[in-house]
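K.L.:
Would you mind keeping the following structure in view while I ask a few things?
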Amino acid sequence: GSTLPDPLSIIGNHFRPTNNGANSPFIIDISIDKEFHVENNFVSNNTNTARFIRFYGGPAIGTPPSSVANNTFYRSVSVNQITILSQMGIVNVDIVNNAVIGDFGGPIIDWQYRSGLTSANLYAASSWINTSTGQPSIGSPLINAGDPDPRYLDLDLTTNDVGCYGGSNSRANFTT
């Protein structure tokens with residue numbers, strides 16, 4: 001959470017927990033009453049305990065849409081857990097163009113309150129990315145596989161790549 005008046009933005013990070021989820025069952029855990037954006041993050045986890053992202057709270061009616069977009073979630077161990085848990089009140093959260101890599105056994109999104117856009121969220125093979133950086137490998141099916149809506153275009157104005165190197169906030173902006 002944040003008391004600042006601006007939207008909460010978590011963009012272009014590489015999250016890799018080292019404590020097996022001892023402090024929180026989620027790597028990104030957001031409790032907020034305003035607009036937020038979680039975009040172009042590479043979240044890798046080699047534990048079988050911590051889940052990836054949860055957002056909860058009760059933004060006021062009329063709050064602009066929030067987003068969970070262009071993230072790559074990679075787990076190297078097999079576990080039966082969801083990737084994104086929404087426990088928000090009635091609010092729009094667009095969940096688009098996320099790549100989920102590894103054996104999760106559960107749905108990508110668990111909506112407790114359904115509101116917002118979901119599209120082009122894909123389960124992917126670990127061979128489709130560089131597992132150290134999240135960048136799509138040459139010829140990866142993630143390339144140009146995202147939502148074709150112009151607001152999600154890649155930096156070169158091609159169709160969005162699914163995952164953390166897609167869209168205008170590409171991790172390439174933060175890693176070079």
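K.L.:
Using modelled amide H (1.01 Å from N, peptide plane; none on Pro or chain starts), what sits under 5 Å from the amide H of S67, excluding residues fewer than 5 places away?
P.N.:
F36, H37, V38, D94
K.L.:
Amide H neighbours of R51 under 5 Å, counting only residues 5+ apart in sequence or on other chains, H built in-plane at 1.01 Å?
P.N.:
Amide H neighbours of R51: F26, I27.
K.L.:
Now, a different point. Just the number, please: carbon plus sulfur as a percent of the accessible area of region 115-176, 1.4 Å probe, no ligands or DNA/RNA counted.
P.N.:
Numbers: 1760 of 3220 Å².
Of all accessible area on region 115-176, carbon and sulfur atoms account for 55 percent.
K.L.:
I've got another one for you. Sequence-distant or interchain residues sharing an amide H contact under 5 Å with A145, placed H: which?
P.N.:
V162
K.L.:
Further question on the same structure: Around I27, with a cut-off of 13 angstrom between Cβ atoms, what is the net charge of the other residues, counting Lys and Arg +1 and Asp and Glu -1?
P.N.:
On the way: positive: R16, R51, R54, R75; negative: D29.
It works out to a net charge of +3.
K.L.:
I want the local charge near N173. Using Cβ-Cβ distances under 14 Å, sum +1 for each Lys or Arg and -1 for each Asp or Glu among the other residues. Please report the intermediate quantities before stating the final value.
P.N.:
Details: positive: R171; negative: E39, D154, D156, D161.
Within the 14 Å Cβ shell, the charges total -3.
The values are calculated or read from the model by the stated rules, or taken from the named source; none is laboratory data. These figures come from a predicted structure and were not determined experimentally. Please note: Cβ atoms are built from the backbone with ideal geometry, for glycine as well, and neighbour counts cover all protein chains shown. Keep in mind that these areas ignore ligands, DNA and RNA; they rest on the heavy atoms of the full protein, side chains included. Shrake-Rupley method; radii C 1.70, N 1.55, O 1.52, S 1.80 Å.
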